Each structure stands twice: as structure tokens, then as C-alpha cells.
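We did not get these values from a lab; they are worked out from the coordinates using the rules stated. This is a predicted model, so every value here is computed, not measured. Glycine also receives a Cβ, built like all others from the backbone with ideal geometry; neighbour counts cover every protein chain displayed.
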Amino acid sequence: MRFAAFTSGGKKGLAVAGADGVFHGFFDGNSEYPGSLGSLIAKGSEALDTAAAVLKNGPVINLNQVQLLPPIQTPGKIICVGLNYVDHSLESGFTPPSYPTIFTRFTSSLIGAGSPIIRPKASTQLDYEGEMVVVIGTGGRHIAEADALKHVIGYSIFNDASIRDYQMKSPQWTVGKNFDATGAFGPWLVTADELPPGGTGLHLQTRLNGTVVQDASTSDMIFSAAKLIAILSEALTLSPGDIIVSGTPAGVGFARKPQLYMKHGDVCEIEIEGIGVLRNTVVDE
């Protein structure tokens, strides 16, 4: 199943794709509206299945005529993984890690597909990072790696757009990863049953103005989705609706010679096989 969250005319809505790929859904305020995707995930997979059956009977929603929102607008946790591809670690000047490099984003940084990524007044060093998102469906702590994928409800795409000079101002990356409207998330959520276990073996490609700048497979991740869940749950209680942004491959702009940063008017597309295309333009603040 593919769920898309959207807004139009000041009302939020939720839609699901039918077998033909056409989305059907309802707006908040309609008696058939099942609630937000986040609230449904919190209720469990049966609630998600029931909502999908209802939404499929709704009117057609033309996603080109509404504003797409992040599939989950207010995740309890946005856990990001740095340096999770060997080639990206090396191009960044780091030895590939033996333990995941973890940082967080805040919900204030999130935007949906089609919304502009904002290049801030403070910097011109706005970089792209195409990544796969792992969405937690069943929470828990001390989750065994062998059981970890049972806790995943679905997958999506993220552009972890980074303000590089601010990222490097201190040993912690938080500021450079949390400028407003820099975390593009979408275009929708694809449930885990539609993809290989752990989202492995999927072709990931980032294009800037049509030019391929990142090209890799999710199988190249140092820490798989299952391993990340097991490691994170040693410290954190994972909750339904939490998202794990699983890391970017080589090809980022700051590591190029000359460096390649996003600027006003650019179009960045991130495509992951089996999930879709996350497309955003860039505008100056």
C-alpha cells in the first residue's frame, strides 16, 4: 500500500493508491476520513488495513493538484544516520564507522514533496543527501536484529539537505542539519510488504537539475535497517511513527571538486526503486 498525506484549501487529507496507481482518499471533516497516517500507525497494522479499504472507496485525489505533506508530519523521533555508506565515509574524510553515527532532526525542518527547500540567508552551502527512510510501526526496546524488521511498517524517501559550514562549526552536526524547511520527506509511505525485507537491494539515485549526482544500492549500507533498529533500541524505546533516516551514499556536493551546492531555482530529485521520486525545488530565503 502507498499512503499520501496532503492538504488543499486549508484541509488535510489522506489517500491510498489503488492497484492501478491512482490515489483515492478523503479530507479531514469527512465522516470517512480515518485520521492522519501517524495516528493510524499508532493503532497498528490492522487499523492501517481498515483505513486503506475505506480510502479506496473515496474520490480520486490528483496529487498534482494538492500540496503533499510529509507522510508523518510530527514523528516522535527523527533519527538520522551519518556515514552509513563506505564510499561516502571516505569522501567525507572519515574511516567507515564500527558504530552508527547518530544525529537528530526536528519536525520544524520537515517539508513534503513539491514544497521548496529553503536556502537560508546565513549560508550558500546547501547540500543534497538522498536517503531511504525506515518507519517504525511497532515500538519496543532491546529489539533483536533477527526480529527488527517485524517492527517496520514501511519506507519512504528523505533529502537530508545540509548547511555544510554550519554542520562543521562544531563537533555536533545538529545546527547544520536543522535549518527550517531543509528536510524533504515523501512523496508517500510504502508499506513494508511491497518491498524487499529491510528495503535492501533498492536502486537509489539523486539528480540535480537532471544530472545524476548519487547512484547506489541500499544494499551498500554499512548498517542495515535491521541492525540500526537493534542498535538504536539498546538505548532508546522506539515508538510507532518514529522514522530512521538511514544515510546517504557518495556523491554529495561538498566532497566534489569543485564543490557543488544547491542554489535558487535548482530542482533536486531523489528516486528509490519501488518507492518513488521525491522532487523539490530550491528557493532563497
Note on region 47-96: residues of a type in the set (Lys, Arg) and over 27 Å from residue 109 (Cβ atoms) are 56
By residue number, the members of region 28-50 that are touching a helix residue (DSSP H, G or I) at 6+ places or on another chain (Cβ under 9 Å) and within 19 Å of residue 156 (Cα to Cα) are 37, 39, 40, 41, 48
Log entry, pairs with first residue in region 17-33 being small (Gly, Ala, Ser), second being part of a loop (DSSP other than H, G, I, E, B), beta carbons closer than 6 Å, six or more apart or on different chains, reads 18/56; 25/58; 25/61
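Applying the selection to region 209-256, what residues are outside any loop (DSSP other than H, G, I, E, B) and of a type in the set (S, T, N, Q)? Before the answer, list the steps.
Initially, region 209-256 is screened for residues outside any loop (DSSP other than H, G, I, E, B), giving 211-221, 225-235, 238, 243-245, 253-255.
211, 214, 217, 218, 219, 233, listed by residue number.
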Considering region 252-285, residues that are under 12 Å from residue 207 (Cβ atoms) and acidic (Asp, Glu), and then whichever is surrounded by the most Cβ atoms within 10 Å (Cβ to Cβ), we arrive at 269
(1) part of a loop (DSSP other than H, G, I, E, B); (2) in contact with a Leu (Cβ under 7 Å, 6 or more places away or on another chain); (3) among the aromatic types (Phe, Trp, Tyr) all hold for residue 173 apart from (2)
In region 243-258, anything touching a Lys or Arg at 6+ places or on another chain (Cβ under 7 Å) and more than 21 Å from residue 270 (Cβ to Cβ) is listed as none
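How many of the residues making up region 35-59 are in contact with a strand residue (DSSP E or B) (Cβ under 6 Å, 6 or more places away or on another chain) and of a type in the set (A, V, I, L, M)? Lay out the reasoning, then the answer.
Step one: of region 35-59, the residues in contact with a strand residue (DSSP E or B) (Cβ under 6 Å, 6 or more places away or on another chain) are 37, 41, 52, 55-56, 58.
Among the residues that remain, those that are also of a type in the set (A, V, I, L, M) are: 37, 41, 52, 55.
Residues meeting the conditions: 4.
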